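The values are calculated or read from the model by the stated rules, or taken from the named source; none is laboratory data. Since the structure is predicted, the reported quantities are computational estimates derived from the model, not experimental observations. Positions of Cβ are generated from backbone atoms using ideal geometry, with glycine treated the same way; all protein chains shown enter the neighbour counts.
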Amino acid sequence: MVRRPSFLRTVSDFVLGEPSRSRLPERVREAIEVQQRRSELLIVLVQIPLIVFFAILYAISPKTFSSEMFAPVPWTLAGYFAFSGLRLILTLRPRIPAWLPFVSVVVEIALLLTLIWSFHIQYEQPAPFYLKAPTMLYIFIFIALRTLRFDPLHVLVGGAAGALGWLALVAIALASADDIDLVVTRDYVLYMTSNTVLIGAEVDKMVVILSVTAVLALALVRAKRLMHNAIVDNARASDLSRFITPEVAQRITGADRAIEPGYSEVREGTILFTDIEGFSGISERITPQTLMTALNEYFAAVAQVLERHHGVIHQYHGDAMLVAFNTLDDDPDHAANALRTALAIQQLVNGRTFGDGLVLKTRCGINTGTVVVGAFGGRDHMLFTVHGDAVNIAARLEQLNKSYGTYVLASEATIAAAGPAFNVAAKDSVAVRGRISAIRCFEVESEAIQPQPRLGAGGTLN
């Protein structure tokens, strides 16, 4: 019986986004931590030019107070700059203290609010004067900077510090009044044109601070969950591509819709079957570990040949491989590329040994025709491969190499599609099990040497 999610769980998923489907691997968490350290450094590097900008703006702005009066702005900017320098040093350490991001946002907002509080002293005004300072808008910059770290908790701490700090400034302004009834007003015009306090306006400011904080934190929670799921999917796809060819992995992960059994496409392609000669005898003579080492070296070397000629491995079966051309990516020269691949494999295995000095002769069967490429199997376990009569013929040709003492046999269809660029020797017409008509086969000996064009008089081609 399938349990339906609870109502609260459904609402939570709708608001916060789908939760992480699985635990992040340790290597992924380490990569995220590295990015967060870089984000912390980025925040500091953004703040330092901001401080310099404030200092320049203060220096060039006209002063409305006498030079003998106490000017708190330079002292506040100097304290902020010193704190940012200390924070930069701590951020450049191999491991950032866990408390640093939380303390830094609280200290920064406290310095800003202290600066705002000092305005009434600087300009010799009653305390409510500072509540109208537009400088309070910088609170939103300090909160927004925390989104660079991609952690909603730091945004919430910044928002809470801003709202509570502003509440403290309002309380100080009210406490400083000799008669609170004369300071508090409900007249908006009077509020805007005098040093009075409109409680509703100050509550609005705190509500806006908390609302912006909540929206940013919610956006980060949703984005973080989406990022975690995307990282997990990307890690799985990356790991998957190590077990299947990148072309197949790309087709599966890049599909517009989820691949289901029966997803298929009919294409004209060329199939190459490979098999190691005498593999059973080889595996009997050596240890499994030695055999595994040799096979890994062999498959890695053959895979490089296939990549050069656009071949895609669809299946491994013991020592055998099913390779297809023009089944996933368009390759108008697929037949010739398959023949070049088979010849290159011969050159590879004849020129080296694998593992503990093993010689791995390889037989190849090649055929061109219509194939079906797609997902085959059950819903929970599928194989993305190729099927069709053309595939069966290629497998049969690979086996016929034993009878002829050859290593590369191709069908007439492949030879015709590849053109006259190869030296071939005709063999017999061979009956294939399950087919009425026989198949003409050819031994592929080498790629024909193309004559180089010669320059005639005047530099023209002959």
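Details
- Some residue of segment 346-366 being among the acidic types (Asp, Glu) and within 21 Å of residue 279 (Cα to Cα): yes
- Listed by first and then second residue, the pairs with beta-carbon distance under 6 Å, at least 6 apart or on different chains, first residue in segment 160-172 and assigned by TED's automatic domain parsing to the domain that holds residue 113 and under 12 Å from residue 105 (Cβ atoms), second at pLDDT below 95 and surrounded by fewer than 20 Cβ atoms within 10 Å (Cβ to Cβ), are 161/106.
- Whichever residue in segment 182-215 is among the hydroxyl-bearing types (Ser, Thr, Tyr) and within 26 Å of residue 109 (Cα to Cα) and, among such residues, is surrounded by the fewest Cβ atoms within 10 Å (Cβ to Cβ): 211
Listed here are the residues, each with its yes/no results for (1) more than 24 Å from residue 425 (Cα to Cα); (2) crowded, with 21+ Cβ neighbours inside 10 Å; (3) out of contact with any strand residue (DSSP E or B) (no Cβ under 8 Å at 6 or more places or on another chain).
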| site | (1), (2), (3) |
| --- | --- |
| 268 | yes, no, no |
| 284 | yes, no, yes |
| 299 | yes, no, no |
| 303 | yes, no, no |
| 310 | yes, no, no |
| 331 | yes, no, no |
| 334 | no, yes, no |
| 345 | no, yes, no |
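- Residues satisfying the stated conditions in segment 141-158, i.e. out of contact with any helix residue (DSSP H, G or I) (no Cβ under 6 Å at 6 or more places or on another chain) and either of a type in the set (A, V, I, L, M) or within 22 Å of residue 73 (Cβ to Cβ) (or both): 141, 144, 153
- Pairing residues of segment 93-118 that are farther than 20 Å from residue 171 by Cα with residues that are modelled with pLDDT of 80 or more and outside any helix (DSSP H, G or I), at Cβ distances under 8 Å and at least 6 apart in sequence or on separate chains, gives 101/151.
- All conditions in (1) surrounded by 17 or more Cβ atoms within 10 Å (Cβ to Cβ); (2) at pLDDT 90 or above hold for residue 370, with the sole exception of (1).
- Hey, residue 269 at pLDDT below 70 and over 19 Å from the mean Cα position of the chain (by Cα) or not: no
- Within segment 174-205, considering residues that are acidic (Asp, Glu) and in a helix (DSSP H, G or I), the one nearest to residue 120 (Cα to Cα): 202
- Residue in segment 98-116 that is surrounded by fewer than 14 Cβ atoms within 10 Å (Cβ to Cβ) and either modelled with pLDDT under 85 or in contact with a Phe, Trp or Tyr (Cβ under 8 Å, 6 or more places away or on another chain) (or both) present: yes
- Identity of the residue in segment 366-408, under 41 Å from the mean Cα position of the chain (by Cα) and hydroxyl-bearing (Ser, Thr, Tyr), that ends up farthest from residue 337 (Cα to Cα): 385
- For segment 287-343, a tally of residues being modelled with pLDDT under 90 and of a type in the set (Lys, Arg) returns 0.
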